[in-house]
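These notes concern the structure reproduced below.
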Amino acid sequence: MRSAFTALTVFVLLALGCTICSATGDSHIYSDLAQRLLEHVKYGEPHTAELTSLQIAEPAVLYRELQTDVSKKAFWINIYNVFAQLQMQQNAELYNDKISFFKSKNFIVAGHRLSLDDIEHRMLRRSEPAFLPEFIRPFFMSGYMRRLSLSRIDPRMHFALNCNAHSCPPIIFYEPLKIDEQLDKATLNYLTTSVIYDTKTNVVQLPELFSWFPDDFGKRRGIIELLRRFNIIGHDVEPIFTYTPWNWTPEPGRFN
C-alpha cells in the first residue's frame with residue numbers, strides 16, 4: 001500500500017511538474033527525481049517508484065529539462081552513480097565480469113535501455129567510433145543520445161563517477177546550479193589523495209584513469225595544466241608521468 005501510494009505521489013508530482021515546465025520553461029523534475037533516487041539507494045530505502053518514473057519519462061520532457069551541458073552533466077553523473085550502486089546490489093557477481101558489468105543495458109531512462117558505458121562514454125564523453133571522420137561521427141548516435149549528451153567533455157567528471165572500485169571517488173549528489181563548484185572540489189579532493197609528486201625525482205604518480213582517457217584531459221599538456229591549477233605541482237614544473245594501477249577491489253556504498 002505504501003509503495004503504491006508513493007508511486008502515485010511521484011506520478012502526480014511529475015505530471016504537475018510537466019504542466020509547470022510547459023508554462024514556465026523552467027524545470028528540475030528529473031534532477032529532483034535523481035536526487036530522491038540517490039538518497040533512497042544511499043539509505044537502503046524503497047526506490048521502485050522513482051525507477052519506474054524514470055523509465056516511463058517522456059523523452060520530450062527530458063529534452064526540455066536537459067538543454068544545457070550543466071544540467072546534462074549533473075543528471076548523468078547522478079544517474080551513473082545510482083545505476084552502478086543498484087547493479088552491484090542486484091547482482092554483485094556481475095562485477096567480476098567487467099565487460100558485462102559496464103556494457104549490460106540493464107537500466108531504462110525515458111524508454112531507452114542504457115548501460116553504464118552508454119552513460120559514461122556516450123552521454124558524458126560523447127564518444128563516437130574513433131575510426132570515423134569527426135564530422136561523420138555524430139550521425140552514428142541516435143537522436144536520443146544526440147539530444148541528451150554533452151556537447152563538450154568536462155574531464156572533471158572522471159573525479160565524480162563511482163563504479164564501485166576502491167580507486168573511485170566517493171559519491172555525492174551533483175546539483176545543476178552548483179556543479180561547477182562541486183566538480184572543482186571533487187577534483188581537488190581526488191588529486192590531493194590520489195596523485196603523488198616526488199620533488200626530488202620530478203616524478204608524478206597518476207591514477208591509471210589518466211592513461212585511459214588522455215584526450216579528455218588534453219593529453220600531457222592538459223594534465224600538467226590541471227595539476228598546476230589545483231596546486232599538485234608548481235607552475236614551472238614539467239614532471240615525468242608514471243601511473244598507479246587502478247584498484248578494482250569492490251567498495252560499494254561510498255557516499256559522502
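How large is the dipole of the range 195-244 about the Cα centre if only Lys and Arg carry +1 and Asp and Glu carry -1, each at its Cβ, rounded to the nearest 20 debye? Could you put the intermediate results ahead of the total?
Details: 6 positive and 7 negative charges, 19 e Å.
It comes to approximately 100 debye.
With +1 assigned to the C-beta of every Lys and Arg and -1 to the C-beta of every Asp and Glu, and no other charges, what is the dipole magnitude of the range 138-208 about the Cα centre in debye, to the nearest 20?
Details: 7 positive and 7 negative charges, 47 e Å.
With only Lys, Arg, Asp and Glu charged at Cβ, the dipole is about 220 debye.
What size of dipole, in debye to the nearest 20, comes out for the range 39-197 about its Cα centre when the only charges are +1 on Lys and Arg C-beta atoms and -1 on Asp and Glu C-beta atoms? The partial results should precede the final answer.
On the way: 18 positive and 18 negative charges, 84 e Å.
I would put it at about 400 debye.
Can you tell me what share of the DSSP beta bridges in the range 195-244 is antiparallel? A percent to the nearest 5 is fine.
Numbers: 3 of 8 bridges.
Around 40 percent antiparallel, to the nearest 5.
Let's test the formula: R0 of 25 Å, r as the Cβ-Cβ distance of Asn247 and Asp97. What FRET efficiency results, to the nearest 0.05? Let's see the in-between values first.
Values: r = 18 Å, r/R0 = 0.72.
Approximately 0.90, to the nearest 0.05.
Among Leu161, Thr242, Asn189, whose Cα sits farthest toward the positive end of the charge dipole of the range 138-242 (+1 at Cβ of Lys/Arg, -1 at Cβ of Asp/Glu, about the Cα centre)?
Leu161
Return the loop-located chymotrypsin sites (Phe, Trp or Tyr not before Pro) in the range 199-248 (DSSP other than H, G, I, E, B) with at most 16 other Cβ atoms within 10 Å of their own Cβ; answer none if there are none.
Taking the range 199-248 and a limit of 16 other Cβ atoms within 10 Å, the loop chymotrypsin sites (Phe, Trp or Tyr not before Pro) found are Phe230, Trp246, Trp248.
Hey, fewest Cβ within 10 Å first, where do Ile179, Ile233, Ile99, Ile56 land in order? Don't skip to the end; give the middle numbers.
Working: Ile179 23, Ile233 18, Ile99 8, Ile56 12.
So the residues, fewest neighbours to most, are Ile99, Ile56, Ile233, Ile179.
Every number in this text was worked out from the coordinates using simple rules, so none of it is lab data. This is a predicted model, so every value here is computed, not measured. Here the Cβ is made from the backbone with ideal geometry for all residues, glycine too, and neighbour counts use every protein chain on show.
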